[in-house]
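In what follows, a structure is listed as structure tokens, so that the remarks can point back to it.
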């Protein structure tokens, strides 16, 4: 009844030689333990690379400027904010464009990730229904794409810093890197969670769009932390419990810190307190807390994703 | 021999929603009373597939065969039970699923193969082979959206087979491209078999099953009916179709006489009564295996009994009979005068027996027409179209239309 295994005809990669017993075993069942799913996710990291490359290639395909848009887009957005806040709203902060840029850099990573990740399973329904792979990778690829844009924007930032003749505060560079990691972890966790929920509740995608507009104003990106008028203790606590606040402040502290020394005298003469007067330790504690919280969100997101993943192919 | 796929009491429940509520407003409005019916697409399926076997899954539409395949592929997770898979698996459920029309063929090969679980190094190694197999060398750097549908599926197939999986799952996708490419696909599948890889094919093309499968599993209403050698399983499948009345032309219930009564439908285009002297009063198909079996095996015989009522004497008549294949081709037409017989019809009831002593036919459904006509001339006194249909089920592995007496001898040649 059963065909006898014949020796391979020299076909196929050697690691898939027709030696039967030692082939890797896989289990398909209603509950796949988290550990196994993480292993599978790690195994498909190359796929992540291909998906990110696909996103980058497809996004500006067939447009005249093509890839230039990935630089032009953030630069133009920055220009708009700059004109509005500097000239219409008379912001008097020194080197305000740089301040804006530092905050926007951190924000865009978060914003781009969630904006595209929340609808990603629905828009890739074709693959989800026909191919078996770790589907979390689709959401993570959106975060990966956002990270690529983050680096493009960093290139513009370097030009900016040169233009303003400002050096970043190098003592805070490790904090900046840590804040970047926190930003990625937070974005990844929420991206995976939202993409899964959106399969069942398509409102999520639209709700996220609006929510992100509101969240944009929650950390001090277009305004100064110092000017926030929340004096009631509870409100203040609530405001400062925002993880985005810590990420944005860390970015600003490093990139903008040399323009206005925190709590110190303003470069331009008057007395300006743009940044909070915290020591380095406070920043590290804040960003560290965001990383821990972000990891918990990731864990939660993976658990939720695993619970609902089995029905994706039918729900889409 | 260890198992490549071990399906352990797998069940899969779907919820069939009358309407799907996916927006928040709809969910709130219909909270707690979303109308759905539970539907078990698979019920307690147990299936063991040893390594190196080619297994076919046969079933009609909606029987759960594709669901089973999707569970094996890990696209759907079973509601209960589990499936153990040993080795690298690739599923061809839809060719070119996930192709990005905006990207070049080259980029799509990398993305698609990576989705199927290949590492970058492996893709680079088999890249040329994939392109050559798909015969797309001149177009590989063109955007896929400019590909013809044939080029598209060719590329999809080429990627899937060149992933070199230990287990290949195929869902009705073998009939792609032109005839030559289909041939190539078949050859590749055969090669897979020779290499000892495990293949699971879902199809309702019984011929393909017979050709390539070692065993065939028949699934109906989510339950496994039989797992057996192809001929046997295909017979079980046909029997089930007939049993549940889903065969294209169901044969009526068979009585212990072994006859299939034929009801003359007054609204139909038959029978043509050309002469008032002869009338057809009944027609039966007598099958050798009835009533246990509503089909014929190749080489068995059948008899068609035609009841006539004759009002006045008709001299020199011929009784004719024609057999048609499923798609309307005439296979055989002959009448009694052609085989040198001469009959006269006397008044009163009589029965004509058309006897086929041996049917050299393979699988298929066949239609029989009968007629009473003037010998040697064209005047038809009465005819019945169709007089009945019968089905031939082939338990062996030969494919085609007819079974020919066949033998193979090997004789060593004397060297000069």
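Where a number appears in this text, it was derived from the coordinates with a stated rule and is not lab data. All values derive from a computational prediction rather than experimental measurement. Cβ sites come from the backbone with ideal geometry, for glycine too, and all protein chains shown count toward neighbours.
Summary table below
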item	result
Among B:151-163, B:49-61, B:353-365, the order from most to least packed when residues are scored by Cβ within 10 Å on average	B:151-163, B:49-61, B:353-365
Shielding by partners, peptide A:301-310 (average Cβ within 10 angstrom, other chains)	1
Efficiency of FRET between residue B:48 and residue B:413 - r from beta-carbon atoms, R0 60 angstrom, step 0.05	0.85
Gain in span if fully extended, residue A:151 to residue A:75, counting 0.36 nm per residue against the direct Cα distance	26.0 nm
Fewest-first sequence of A:63, B:80 by Cβ atoms within 10 Å of each Cβ	A:63, B:80
Number of partner chain Cβ atoms within 10 Å, mean per residue of A:47-54	5
Cα long-axis angle, helix A:34-43 against chain A (0 to 90 degrees, to the nearest 10)	90
Tensor-based shape of the stretch A:34-112 (alpha-carbon gyration tensor, a/c under 1.5 rounded, otherwise prolate or oblate)	oblate
Among B:104, B:226, B:66, residue whose mean-square fluctuation peaks in a GNM of chain B (springs only between Cα atoms under 10 Å)	B:104
Crossing angle, helix B:120-134 versus chain B [Cα axis fit, 0-90 degrees, rounded to tens]	30
Burial ordering of A:99, B:17, fewest other beta-carbon atoms within 10 Å first	B:17, A:99
Dimensionless Rg over Rh [the stretch B:3-243; C-alpha; Kirkwood]	1.02
Candidates B:211, B:191, B:384, ranked by Gaussian network fluctuation over chain B, Cα under 10 Å, top entry	B:191
Rounded to whole Å, sorted largest first: equivalent-ellipsoid semi-axes of chain A, Cα gyration tensor	44, 21, 19
Ascending count of other beta-carbon atoms within 10 Å, so fewest first, for A:107, A:69	A:69, A:107
Fraction of alpha-carbon pairs over 37 Å apart in chain B - percent	45
Solvent-free Debye scattering, log10 I(q)/I(0), computed from the Cα coordinates of the stretch A:69-113 at q = 0.21, 0.27, 0.32 Å⁻¹	-0.71, -1.01, -1.17
Projected-area average for the protein assembly as shown over all orientations - Cα convex hull basis, square nanometres	48.0
Helical contribution to [θ] at 222 nm, DSSP H n ≥ 4, -39,500 (n - 2.57), averaged over chain B, rounded to 500	-6500 deg cm²/dmol
Per-selection Kirkwood Rh - the stretch A:156-250 (Cα, Å, 1 d.p.)	16.0
Computed over the stretch B:147-213, the ratio Rg/Rh where both radii use C-alpha atoms and Rh is Kirkwood	0.94
Burial ranking of peptide ranges B:397-405, B:130-138 (average Cβ count within 10 Å, highest at the top)	B:130-138, B:397-405
Overall form of the stretch B:334-416 per C-alpha gyration tensor (a/c, 1.5; a/b vs b/c)	prolate
Estimated inter-spin distance, residue A:25 and residue B:149, nm [label 7 Å along Cα→Cβ]	4.4
The stretch B:259-392 - convex hull of the alpha-carbon atoms, volume per residue in Å³	108
Radius of gyration and Dmax over the Cα atoms of the stretch A:104-159, both given in Å	13.5, 45
Degrees separating the helix B:105-115 axis from the principal Cα axis of chain B, which is the longest one	90
Neighbouring partner chain Cβ atoms per residue of B:88-100, average, 10 Å criterion	4
